[in-house]
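K.L.:
Would you mind keeping the following structure in view while I ask a few things?
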Amino acid sequence: MNKPSPKPEKIISLADLAPENVRRIAPYVPGKPIGETARELGIPEDRILKMASNESPLGPSPRAVAAIRGALDALHYYPDGSGFELKEKLAKRLALAPANFVLGNGSNDVLELVARSFLTRDDSAVHSRHAFMVYPLAIQAIGARGIVVPERDYATDLDAMAAAVRDDTKIVFIANPNNPTGTFSPWEDVRRFLERVPSTVLVVVDEAYEEYLPDGLRSPTAGWLGRFPNLVVSRTLSKAYGLAGLRVGYAYADPVVAEVMNRVRQPFNVNHLAMVAALAALDDEEFIARNREVNAKGLAQLGEGFTRLGLEYIPSHGNFITVRIGQGVPRVYGELLAAGVIVRPIAGYGMPEHLRVTVGLPEHNERFLASLARALGKR
Ligand SMILES: Cc1ncc(COP(=O)(O)O)c(C=O)c1O
């Protein structure tokens, strides 16, 4: 499967020094940055509307910003590599122990850590077809085999995922809600899935968008670790807490699993300001409540707008919504960009006819919908 690197005398580019599985990695393409778009259009940055990376439209948590200001004088010290205070706080909130936690430079870091800690080239890992891109990247970087399972109506097909598990499968990745589809699997189904898969398979439940779920659907997974020691849950402060630029996320898992991951991570993988900000943001309940409310209203506004334009969309539980444009995606994306509105084409996710749009403030959503209508020749 994965050929070894060529012998030194056959190397024509230094890239050939990398093993084949690494050479085959297609780089992750992030949302187009505001600065780059402003330079290309020759307009000021404040005229650009970025709805491409599922960031908070309310900015960062104000409590986090205040806490960072108060922490600037300690930047000459290394951060607390054990993350003592943050783990204590998370443990209290989730009724777990600090030993259950692994902190990460964003939840991306913890997702990669699971793969690096447990997968070898001889193993396989399962994820759904239109799942978050970091799963296949992490699997491929190791040279393990990715088993890709089609969805049903864009929703993760947990029965098919359970059936796809092989003897050499070590990890299953499930995002709930999923990005880029925004679909949600009821927690009873996730629990049934955990009951079905062998207890020697790690089930990673990625809850990056958990905070946006309505009250009745909030995640019960912290209470499941006792029953399912093979469960690993990842969370982030990038989305509802508005701290994407700082990079802080975490995982909770059985202490045995967390201890292995903590051995593999870099000693100071979460920086001091990120930890200080996370501690403050976790208490910023008012900010989270506002973000949830703005998001719920924005999802409705965008959904209604798409319906008016005769466009199909995938009902979303995240802070983004994915709409079917058809074959005109490159042109419509280009016209939106020319109007200063950045959204996300998701051909890289195997969805070339869709665009993913992050929910904004009401006026952002309105501007995006008006630009979209013009791009479609409907206004
Ligand atoms: C499903 C999912 N998981 C994880 C992440 C990673 O977020 P971060 O590394 O900022 O915590 C994202 C970001 O878009 C995501 O959509």
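K.L.:
Give the stretch 207-219 a look and list any residue that's closer than 26 Å to Ala244 by Cβ and out of contact with any Pro (no Cβ under 9 Å at 6 or more places or on another chain), or say none. Reasoning before the result, please.
P.N.:
If we filter the stretch 207-219 for residues that are closer than 26 Å to Ala244 by Cβ, which is where we start, we get 207-215, 217-219.
Within the stretch 207-219, Glu211, Pro214, Asp215, Arg218, Ser219 meet the criteria.
K.L.:
Does Gly106 satisfy the criteria of being of a type in the set (Gly, Ala, Ser), farther than 19 Å from Val232 by Cα, out of contact with any helix residue (DSSP H, G or I) (no Cβ under 8 Å at 6 or more places or on another chain) and in contact (Cβ under 8 Å) with a residue 60 or more places away in the chain?
P.N.:
Working: of a type in the set (Gly, Ala, Ser): yes; farther than 19 Å from Val232 by Cα: no; out of contact with any helix residue (DSSP H, G or I) (no Cβ under 8 Å at 6 or more places or on another chain): yes; in contact (Cβ under 8 Å) with a residue 60 or more places away in the chain: yes.
When the stated conditions are applied, Gly106 does not pass them.
K.L.:
Of the residues Ser128, Ser124, Ser107, which single one is of a type in the set (Ser, Thr, Tyr) and either in contact with a Cys (Cβ under 8 Å, 6 or more places away or on another chain) or surrounded by fewer than 21 Cβ atoms within 10 Å (Cβ to Cβ) (or both)? Talk me through it step by step, then tell me what you get.
P.N.:
On the way: Ser128 fails: either in contact with a Cys (Cβ under 8 Å, 6 or more places away or on another chain) or surrounded by fewer than 21 Cβ atoms within 10 Å (Cβ to Cβ) (or both); Ser107 fails: either in contact with a Cys (Cβ under 8 Å, 6 or more places away or on another chain) or surrounded by fewer than 21 Cβ atoms within 10 Å (Cβ to Cβ) (or both).
Criteria check complete, one pass: Ser124.
K.L.:
May I ask you to verify whether Tyr333 is surrounded by 19 or more Cβ atoms within 10 Å (Cβ to Cβ), free of Cβ contacts under 8 Å to residues at least 40 places away in the same chain, among the hydroxyl-bearing types (Ser, Thr, Tyr) and touching a Pro at 6+ places or on another chain (Cβ under 7 Å)? Steps first, answer last, please.
P.N.:
Details: surrounded by 19 or more Cβ atoms within 10 Å (Cβ to Cβ): yes; free of Cβ contacts under 8 Å to residues at least 40 places away in the same chain: yes; among the hydroxyl-bearing types (Ser, Thr, Tyr): yes; touching a Pro at 6+ places or on another chain (Cβ under 7 Å): yes.
Against the criterion (surrounded by 19 or more Cβ atoms within 10 Å (Cβ to Cβ), free of Cβ contacts under 8 Å to residues at least 40 places away in the same chain, among the hydroxyl-bearing types (Ser, Thr, Tyr) and touching a Pro at 6+ places or on another chain (Cβ under 7 Å)), Tyr333 qualifies.
K.L.:
For the stretch 130-150, which positions are under 15 Å from the mean Cα position of the chain (by Cα) and more than 12 Å from the ligand (Cβ to nearest atom)?
P.N.:
Within the stretch 130-150, Pro136 is the sole residue that qualifies.
K.L.:
Continuing with the same structure: Which residues, taken from the stretch 348-363, are surrounded by fewer than 21 Cβ atoms within 10 Å (Cβ to Cβ) and either at pLDDT 95 or above or within 19 Å of Arg292 (Cα to Cα) (or both)? Step through it out loud before you land on a result.
P.N.:
From the stretch 348-363, those surrounded by fewer than 21 Cβ atoms within 10 Å (Cβ to Cβ) are 348-353, 361-363; that's our starting set.
Listed by number, the residues that qualify are Met351, Pro352, Glu353, Leu361, Pro362, Glu363.
K.L.:
With respect to the numbered conditions (1) surrounded by fewer than 17 Cβ atoms within 10 Å (Cβ to Cβ); (2) within 16 Å of the ligand (Cβ to nearest atom); (3) of a type in the set (D, E, K, R), which one is the sole condition not fulfilled by Arg69?
P.N.:
Condition (2) is where Arg69 drops out.
K.L.:
Identify the single condition in (1) without any contact (Cβ under 8 Å) to a residue 24 or more places away in the chain; (2) within 16 Å of the ligand (Cβ to nearest atom) that Glu188 does not satisfy, given that it satisfies every other one.
P.N.:
Failing condition for Glu188: (2).
K.L.:
Right, something else. Could you look through the stretch 295-330, keep only residues that are among the charged types (D, E, K, R) and under 18 Å from Gly360 (Cβ atoms), and pick out the one that is surrounded by the most Cβ atoms within 10 Å (Cβ to Cβ)? Outline the logic, then answer.
P.N.:
First, pick out the residues of the stretch 295-330 that are among the charged types (D, E, K, R): 297, 304, 308, 312, 324.
When the remaining residues are screened for being under 18 Å from Gly360 (Cβ atoms), the result is 297, 304, 308.
Working: Lys297: 14, Glu304: 12, Arg308: 11.
Checked the stretch 295-330; the qualifying residue surrounded by the most Cβ atoms within 10 Å (Cβ to Cβ) is Lys297.
K.L.:
Going through Arg63, Arg39 one at a time, which residue ends up being modelled with pLDDT of 95 or more, basic (Lys, Arg) and assigned to a helix (DSSP H, G or I)? I'd like the intermediate steps shown before the answer.
P.N.:
Working: Arg39 fails: modelled with pLDDT of 95 or more.
So the residue among Arg63, Arg39 that is modelled with pLDDT of 95 or more, basic (Lys, Arg) and assigned to a helix (DSSP H, G or I) is Arg63.
K.L.:
Every residue in the stretch 208-239 that is within 12 Å of the ligand (Cβ to nearest atom) and either under 12 Å from the mean Cα position of the chain (by Cα) or within 19 Å of Val114 (Cα to Cα) (or both), please.
P.N.:
Ala208, Tyr209, Glu210, Val233, Ser234, Arg235, Thr236, Leu237, Ser238, Lys239
K.L.:
For the condition closer than 23 Å to Ile346 by Cβ, of a type outside the set (D, E, K, R) and in contact (Cβ under 8 Å) with a residue 60 or more places away in the chain, what is the one hit in Leu58, Leu49? Even if it seems obvious, please write down each step before you answer.
P.N.:
Working: Leu58 fails: closer than 23 Å to Ile346 by Cβ.
Matching residue, one of Leu58, Leu49: Leu49.
K.L.:
Any residue at all in the stretch 241-256 that is touching a helix residue (DSSP H, G or I) at 6+ places or on another chain (Cβ under 7 Å), hydrophobic (A, V, I, L, M, F, W, C) and more than 15 Å from the ligand (Cβ to nearest atom)?
P.N.:
Within the stretch 241-256 (the criterion being touching a helix residue (DSSP H, G or I) at 6+ places or on another chain (Cβ under 7 Å), hydrophobic (A, V, I, L, M, F, W, C) and more than 15 Å from the ligand (Cβ to nearest atom)), the answer is yes, since at least one residue qualifies.
K.L.:
I'd like the full set of residues that are touching a His at 6+ places or on another chain (Cβ under 7 Å) and small (Gly, Ala, Ser), limited to the stretch 157-194.
P.N.:
The answer is Gly182, and nothing else.
K.L.:
If I filter the stretch 104-115 for residues that are more than 22 Å from Glu259 (Cα to Cα) and either aromatic (Phe, Trp, Tyr) or assigned to a loop (DSSP other than H, G, I, E, B) (or both), do I get at least one hit? It would help to see each step written out before you state the result.
P.N.:
To start, the set of residues in the stretch 104-115 that are more than 22 Å from Glu259 (Cα to Cα) comprises none.
Checking the stretch 104-115: not a single residue is more than 22 Å from Glu259 (Cα to Cα) and either aromatic (Phe, Trp, Tyr) or assigned to a loop (DSSP other than H, G, I, E, B) (or both).
The values are calculated or read from the model by the stated rules, or taken from the named source; none is laboratory data. Because the structure is predicted, anything quoted here is derived from the model rather than measured. We place every Cβ from the backbone using ideal geometry, glycine too, and count neighbours over all the protein chains shown.
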